[in-house]
2 protein chains.
Amino acid sequence: MRSYHEYCAVAKALDVVGERWTLLIVRELLTRGACRYTDLRAGLPGIATNLLATRLRELEETGVIEREEAPPPVATTLFRLTPRGQALRPVLDALAGWGVPLMREAGDEDAFRAQWLAFPVRTFLSDKSPGEPPVTIGVRADGEAAVIEAGGGTVTIRTGEPGDPDASLDGPPQVVMAVLSGRLSPEDAGAKGLRWAGSRAVLDRVLPSGQAVAMADLAPDHGGEDR
Amino acid sequence: MRSYHEYCAVAKALDVVGERWTLLIVRELLTRGACRYTDLRAGLPGIATNLLATRLRELEETGVIEREEAPPPVATTLFRLTPRGQALRPVLDALAGWGVPLMREAGDEDAFRAQWLAFPVRTFLSDKSPGEPPVTIGVRADGEAAVIEAGGGTVTIRTGEPGDPDASLDGPPQVVMAVLSGRLSPEDAGAKGLRWAGSRAVLDRVLPSGQAVAMADLAPDHGGEDR
DNA sequence: CCGGATCCGGGTTGATACTG
DNA sequence: CAGTATCAACCCGGATCCGG
């Protein structure tokens, strides 16, 4: 493991989690919980398998993750974050917040996984009607499915198919992102490929206000053609 | 510039600032303000000069920094963060917070620069007597000098020699860090090489309480021999 | 001195194949 | 399923050189 050899808190942190792929492995374990080797590979398209093995070994040595050998019925290895690893959440949150403005451009060959919506959802969505009964919103993009659950003042997201959602969104990842971040209303997004169904009130309950989208002026410069 | 090709906020952020040295360049510009090429090299011991040039060009292209050609009297190039680059501060803060527990071990050949104290100071120090007149504390470690200024409820740090400080700390970087983070009292640090002078009350005004040092249980495991 | 550019050796990464 | 083995390509670090 290469080190910067600097007595600096930032450099010391980057010595441990600054190498390529490392923070994305942490992202997967934060958003999906304990994972098998194969699950991690699926969530990290493009990673070489030997590199994943090397990173997992390093992360184990530095106390960020631990591996658990599941007993015979399942007979598989699970990787999970230690408390020290979970303490990286603020780092991922900050990076995701800074990265959101970069998601306006698509990148033709960008892969997409439903669990990657977790950070934007944490940042942008809130339950504005904590008193009312909980609701679920199905989200679908690029064949990936997730369920947003709002109730009691909190909003969570998990991957998978919704049972019987109160509302649903379906469209290209960038358009779904634009709606979840409040940059586009569901109506305006219709022209860009979004299909939505169910209760509009349920969407209003969790989506950002639409107006107060901060950070816009800190975004990299754009023509603003899709406003 | 290599990309992960993932439509994920974290991955997009790391596409821009995830390469080696990049976030440390941002650290230098955040803690020292606009810098010359040579200043940056001094604050990034070990960086290859071609790599610094490459990173600066990439950061300029991505809108994180901008270069300013100073007019003839100085006739030099200054690199400074754009607002978009300054928006990386929460990322650096989070990384520094996570990295502080790693600073208990020294690393024999670790370089040290006074400006690297800035993040721990922001995290740990506070002005507990906002009403009283401002005070200054001189800090010296490894030949590097900095001045902590507390007053009006805020604590700042800058590099350089103090004029006539109300208190001063001098010792090995790890011991100074232990005192600034509240892990050691100035008295206990004496046995480890700290020399301090001036008003103890001034130190108490800004140093952490000594007891409530959080994060200790999230630190990588240690014998705890220096408690 | 300042702000790089160029060259080279070695280490890291990425793609593929293979294995218990 | 959970990796290891191999190898080419690329990136990084160190040294040197060079135009203002």
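The values are calculated or read from the model by the stated rules, or taken from the named source; none is laboratory data. Not measured: the values here are computed from a predicted model. Cβ placement follows ideal geometry from the backbone for every residue including glycine, while neighbour counts extend to all protein chains displayed.
Before we move on, is A:Ala106 away from DNA strand C (no atom under 15 Å from the Cβ), within 13 Å of chain B (Cβ to nearest Cβ), within 17 Å of the chain's Cα centre (by Cα) and at pLDDT 95 or above? No, not satisfied.
Conditions tested, residue by residue: (1) over 20 Å from the mean Cα position of the chain (by Cα); (2) acidic (Asp, Glu); (3) more than 8 Å from DNA strand C (Cβ to nearest atom).
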position: B:Leu14; (1), (2), (3): yes, no, yes
position: B:Ile25; (1), (2), (3): no, no, yes
position: B:Glu28; (1), (2), (3): no, yes, yes
position: B:Arg32; (1), (2), (3): no, no, yes
position: B:Tyr37; (1), (2), (3): no, no, no
position: B:Pro45; (1), (2), (3): no, no, yes
position: B:Leu51; (1), (2), (3): yes, no, yes
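With respect to the conditions (1) crowded, with 17+ Cβ neighbours inside 10 Å; (2) part of a helix (DSSP H, G or I); (3) among the hydrophobic types (A, V, I, L, M, F, W, C), A:Phe79 falls short on a single one, namely (2). Can A:Pro133 be described as modelled with pLDDT of 95 or more and either surrounded by fewer than 17 Cβ atoms within 10 Å (Cβ to Cβ) or part of a strand (DSSP E or B) (or both)? It is true that A:Pro133 is modelled with pLDDT of 95 or more and either surrounded by fewer than 17 Cβ atoms within 10 Å (Cβ to Cβ) or part of a strand (DSSP E or B) (or both).
Going through (1) within 16 Å of DNA strand C (Cβ to nearest atom); (2) assigned by TED's automatic domain parsing to the domain that holds B:Gly143; (3) β-branched (Val, Ile, Thr) one by one, B:Val121 falls short only on (1).
Just so you know, in region B:55-95 the residues that are of a type in the set (Ser, Thr, Tyr) and within 12 Å of chain A (Cβ to nearest Cβ) include one that is farthest from B:Val16 (Cα to Cα), and it is B:Thr82. Quick one: would you say B:Ala111 is away from DNA strand D (no atom under 15 Å from the Cβ) and under 21 Å from the mean Cα position of the chain (by Cα)? Judged against the criteria, B:Ala111 is not a match.
Among the residues making up region A:53-88, those that are within 13 Å of DNA strand D (Cβ to nearest atom), closer than 20 Å to A:Arg2 by Cα and under 22 Å from the mean Cα position of the chain (by Cα) are A:Arg55, A:Leu56, A:Leu59, A:Ile65.
Scanning region B:82-107 for residues that are part of a helix (DSSP H, G or I) and charged (D, E, K, R) yields B:Arg84, B:Arg89, B:Asp93. Scanning region B:58-82 for residues that are free of Cβ contacts under 8 Å to residues at least 40 places away in the same chain and near DNA strand C (Cβ under 7 Å from one of its atoms) turns up just one, B:Arg67. Which residue pairs have Cβ atoms closer than 6 Å, lie 6 or more positions apart in sequence or on different chains, and pair a first residue in region B:29-56 that is assigned to a loop (DSSP other than H, G, I, E, B) with a second residue that is within 8 Å of DNA strand C (Cβ to nearest atom) and of a type in the set (A, V, I, L, M, F, W, C)? That search, which allows pairs on different chains as well, returns B:Ala34/B:Leu78. Screening B:Ser209 against (1) crowded, with 17+ Cβ neighbours inside 10 Å; (2) in a loop (DSSP other than H, G, I, E, B) leaves a single unmet condition, (1).
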